[in-house]
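Chemist: Mind having a look at this structure? Questions to follow.
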Amino acid sequence: MSSNHESSLTPSMFDVDYSSWNVRYKVIAAGFIFYCAVFLLCHVVSVCFSQTYYSLSAKEKVFWDLAATRAVFGIHSAIAGLWALLVDPVISADKVTTQQNWSWFTLLIATGFFLFENVALHGSNLVFRTFDVPLVIHHFFAFAGFSGAVIWDTIGHYLPMVTLLLEMSTPFTCVSWMLLKAGLAKTVFWKANQWLMIHMFHCRMVLTYHMWWVSWCHWDVISGNIVLPVRVLFFTGLALLTFILNPVWTHKKTMQLLNPVDWNFGNKPAPENGPSAKQDGQLPKKKS
């Protein structure tokens, strides 16, 4: 179910019949299982090698593992988004109706990831009795939007792939939070990462403007080829990102550079030497 002009650069591993729902379910399940495995692997590795992880609360450990999992997905998403934006001449030539085998694969894997994210988020909220409204809204629109692109399968993949490029900030967010919890928020490396992360959030804002511009320029084709429920989901989510979520997150990350606090957990100040620096009057044996 790809364009007849499939790019010669596309690896043959993507060449399967994506019109088959059996194939789609398998790839979505593969994405879900893969990111579950990344989550569990991060837990095992952190338990074995990180003193910082050992000192965190149960809720913070879950957030740590989720942050690492999101970072892996962020790298995959950034590569896919840049490929659609800058490399693949076919998918960028027709921004509303063209699909590629590699974009189908990425779309389905991303759907599996967003399914994992929602399960993990709501499971964590239920266990720890928390509810992060912006994050819940963000993940709802992500999963619903990508699921819609799978169900109404005549939608072109340029905008979904560029949407994934918004995840470019996620690896930097992961590194920032982990270093902050390790008590390294005053290091040059943490500050450099924070600067890059803030820059990525500004790039996210520019990217949302690009998506509005593409939608404006191709509105007749969009309204004629994309069903109303998908349009409502996409533009509602895009509006929330453009006018609320991105500005709020960019402001918070900028303020965090000036005053390193963990605003994910009640604005706790960053520890000087890791969370276990002072525990029963003893210094930890090692830092992560």
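Chemist: Among the residues of region 145-158, which ones are open to solvent by 20 Å² or more (accessible area, probe 1.4 Å) and under 18 Å from the mean Cα position of the chain (by Cα)?
Modeler: Hits for region 145-158 are 145, 147.
Chemist: Related question: Within region 80-111, restricting attention to residues that are assigned to a loop (DSSP other than H, G, I, E, B) and open to solvent by 30 Å² or more (accessible area, probe 1.4 Å), which residue is nearest to residue 224 (Cα to Cα)?
Modeler: 97
Chemist: Further question: So the check is Cβ under 6 Å with 6+ separation or different chains; which pairs have a first residue in region 138-159 that's under 11 Å from residue 107 (Cβ atoms) and a second one that's surrounded by 17 or more Cβ atoms within 10 Å (Cβ to Cβ) and among the aromatic types (Phe, Trp, Tyr)?
Modeler: That search, which allows pairs on different chains as well, returns 145/234; 146/114.
Chemist: Within region 216-271, take every residue that is over 28 Å from residue 159 (Cα atoms) and open to solvent by less than 40 Å² (accessible area, probe 1.4 Å) and give me the one that is farthest from the chain's Cα centre (by Cα).
Modeler: Top of the filtered list is 271.
Chemist: Here is a list: 189, 131. Which entry is in a loop (DSSP other than H, G, I, E, B) and out of contact with any strand residue (DSSP E or B) (no Cβ under 7 Å at 6 or more places or on another chain)?
Modeler: 131
Chemist: Hey, does region 25-41 have a residue that's at pLDDT 95 or above, open to solvent by 60 Å² or more (accessible area, probe 1.4 Å), in a helix (DSSP H, G or I) and farther than 30 Å from residue 99 by Cα?
Modeler: Looking for residues that are at pLDDT 95 or above, open to solvent by 60 Å² or more (accessible area, probe 1.4 Å), in a helix (DSSP H, G or I) and farther than 30 Å from residue 99 by Cα, one finds at least one in region 25-41, hence yes.
Chemist: Restricting attention to region 157-186, and to residues there that are at pLDDT below 95 and not in a helix (DSSP H, G or I), which single residue is nearest to residue 236 (Cα to Cα)?
Modeler: Among those residues, the one meeting the criterion is 185.
The values are calculated or read from the model by the stated rules, or taken from the named source; none is laboratory data. Source: prediction; values computed, not measured. Cβ sites come from the backbone with ideal geometry, for glycine too, and all protein chains shown count toward neighbours. Note: areas computed on protein heavy atoms with side chains; ligands, DNA, RNA excluded. Shrake-Rupley method; radii C 1.70, N 1.55, O 1.52, S 1.80 Å.
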